[in-house]
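Encoded as structure tokens, the structure appears first; notes follow it.
The values are calculated or read from the model by the stated rules, or taken from the named source; none is laboratory data. Because the structure is a prediction, the values reported are computed rather than measured. Cβ placement follows ideal geometry from the backbone for every residue including glycine, while neighbour counts extend to all protein chains displayed. Heavy atoms of the whole protein, side chains included, go into the accessibility calculation; ligands, DNA and RNA do not. Shrake-Rupley method; radii C 1.70, N 1.55, O 1.52, S 1.80 Å.
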Amino acid sequence: MCSGIHRNLPQVSRVKSLWLDFWENDLIEFMKKHGNLCAKAKYEAKVPPYYYIPQSCDCLVLREQWIRAKYEREEFVATRVCQDPCSAGSHEGFLWKRGRESKQFKQRRFLLSAREGVMKYYTKEPKGPKAVISIEKLNVMFQAEKIHHAHGLQITYKTDGQTRNLFVYHESGKEIVDWFNAIRAARYHYLRTTFPALPEHEDAFPQGQVFIGRRVEGYEVRAGLPQGISVKKRKSGITMVTPMREFLFLCENDREQREWIDALNGVIAQPLSG
């Protein structure tokens, strides 16, 4: 819960229970004048459009760094010097990257450039980059359990018709979240440049994401909905089975259902390279 994070920030936060703690009159009056809406207006006045605002179900590092960015560093208050919303799409530093064969993590230098539209990483310098990844084909998500690190990040991209993954982490929670949002900023810059007619407040990022692995790892696509699940208006359903849970999707007609099933099965059948 976010209250636990706030308790660890006594210099900026004060946590009280509505039921277990005594509320002084002056504190009640203060909350009446400076409640959640006022705090939100002040501390979220300038949240960049690419910045991910975590939900309660998100990993701890995302929630903690969001709270620290708001209240400890005051990154989004109106009085803060205005910054180009795409400038964070340029980032450089070292991340611990898992090797493809050895599965051991080694420190590698990464360079992200929204202006060039690429992300690069290096194994040995001054040699050229080991990989140059187009931001157009780049995606990023936190995968702490898969990487076995609380700050584990999975960077996914496509090359030569295959889905490739980089599994990385950083010891600093702030640094790994900065990388996460920098990649989102670079994606935002790409979309704004490629589709200039896109409305300014159009959501350029998915509201959710489902990682699709290989069939041998327990991933499966089924036509229809699970037994006991029904919808008011008849629609063709798809059940996406993962080791963690099942995801249900509805299609407008049988043709769309077949097309989606074929596409999903195509992804599951691909070799998943690390």
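Quick notes on this structure:
- Search result, residues across the stretch 156-170 that are assigned to a loop (DSSP other than H, G, I, E, B) and touching a strand residue (DSSP E or B) at 6+ places or on another chain (Cβ under 8 Å): 170
- In the stretch 140-153, the residues that are under 17 Å from residue 110 (Cα atoms), modelled with pLDDT under 95 and either crowded, with 21+ Cβ neighbours inside 10 Å or touching a Lys or Arg at 6+ places or on another chain (Cβ under 9 Å) (or both): 140
- Yes/no for residue 137 being open to solvent by 30 Å² or more (accessible area, probe 1.4 Å), free of Cβ contacts under 8 Å to residues at least 24 places away in the same chain and under 17 Å from the mean Cα position of the chain (by Cα): yes
- Exactly one residue out of 217, 200 is closer than 17 Å to residue 143 by Cα, open to solvent by 60 Å² or more (accessible area, probe 1.4 Å), acidic (Asp, Glu) and at pLDDT below 85, and it is 217.
- Any hit, the stretch 31-38, residues being within 17 Å of residue 174 (Cβ to Cβ), open to solvent by less than 60 Å² (accessible area, probe 1.4 Å) and either assigned to a loop (DSSP other than H, G, I, E, B) or at pLDDT below 80 (or both): no
- Listed by first and then second residue, the pairs with beta-carbon distance under 9 Å, at least 6 apart or on different chains, first residue in the stretch 36-55 and in contact (Cβ under 8 Å) with a residue 60 or more places away in the chain, second open to solvent by 80 Å² or more (accessible area, probe 1.4 Å), are 48/83; 49/200; 49/201; 49/203.
- Tabulated pairs, the stretch 175-187, first within 16 Å of residue 115 (Cα to Cα) and open to solvent by less than 10 Å² (accessible area, probe 1.4 Å), second β-branched (Val, Ile, Thr) and part of a helix (DSSP H, G or I), C-beta under 6 angstrom, 6+ apart or interchain: 186/135
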